[in-house]
Amino acid sequence: PEPCVVPPRALPPLIIIDPGHGGDDQGTLSIIKPAYQEKFLTLATANLLKEYLQKLGYRTKMTRTTDKFI
């Protein structure tokens with residue numbers, strides 16, 4: 001009989017998430033109180049997206065995880 005060969009498992013797709021802005025580049029600032037800087041909203045949204053994609057089984061990589069300019 002021929003040997004049983006199990007194919008290697010493929011890695012799940014890798015999704016790169018780029019929150020944009022950061023550090024000195026704050027993006028826009030809301031004009032309605034409370035004031036928000038875009039750099040903080042993009043990072044918070046990117047973190048939520050990362051968690052959601054990981055729960056679906058995807059691999060993720062963030063271009064920034066803190067308030068710094070890349």
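The values are calculated or read from the model by the stated rules, or taken from the named source; none is laboratory data. Just so it is clear, the model here is predicted, and its values are computed rather than measured. Every residue, glycine among them, receives a Cβ derived from its backbone with ideal geometry; neighbour counts consider all protein chains shown. Quick note on the areas: whole protein, heavy atoms, side chains included, nothing else; ligands and nucleic acids left out. Shrake-Rupley method; radii C 1.70, N 1.55, O 1.52, S 1.80 Å.
Residue check: is residue 18 touching a helix residue (DSSP H, G or I) at 6+ places or on another chain (Cβ under 8 Å) and open to solvent by 100 Å² or more (accessible area, probe 1.4 Å)? I'd like the intermediate steps shown before the answer.
Values: touching a helix residue (DSSP H, G or I) at 6+ places or on another chain (Cβ under 8 Å): yes; open to solvent by 100 Å² or more (accessible area, probe 1.4 Å): yes.
Yes; evaluated as a whole, the condition is true for this residue.
Got at least one residue in the range 22-33 being within 9 Å of the chain's Cα centre (by Cα), polar (S, T, N, Q) and open to solvent by less than 60 Å² (accessible area, probe 1.4 Å)? There is no residue in the range 22-33 that is within 9 Å of the chain's Cα centre (by Cα), polar (S, T, N, Q) and open to solvent by less than 60 Å² (accessible area, probe 1.4 Å). Taking every residue in the range 5-29 that is without any contact (Cβ under 8 Å) to a residue 60 or more places away in the chain and closer than 15 Å to residue 66 by Cα and pairing it with any residue that is surrounded by fewer than 14 Cβ atoms within 10 Å (Cβ to Cβ) and polar (S, T, N, Q), at least 6 positions away or on another chain, the pairs with Cβ-Cβ distances below 6 Å are 18/63. Among the residues making up the range 50-70, those that are exposed (fewer than 12 other Cβ atoms within 10 Å of the Cβ), in a loop (DSSP other than H, G, I, E, B) and out of contact with any Pro (no Cβ under 8 Å at 6 or more places or on another chain) are 56, 66, 68, 69, 70.
Taking every residue in the range 49-70 that is over 19 Å from residue 22 (Cβ atoms) and without any contact (Cβ under 8 Å) to a residue 24 or more places away in the chain and pairing it with any residue that is open to solvent by less than 90 Å² (accessible area, probe 1.4 Å) and not in a loop (DSSP other than H, G, I, E, B), at least 6 positions away or on another chain, the pairs with Cβ-Cβ distances below 6 Å are 54/60.
Residues of the range 35-48 being open to solvent by 80 Å² or more (accessible area, probe 1.4 Å) and either aliphatic (A, V, I, L, M) or farther than 16 Å from residue 70 by Cβ (or both), which ones?
Answer for the range 35-48, where residues must be open to solvent by 80 Å² or more (accessible area, probe 1.4 Å) and either aliphatic (A, V, I, L, M) or farther than 16 Å from residue 70 by Cβ (or both): 36, 41, 45, 48.
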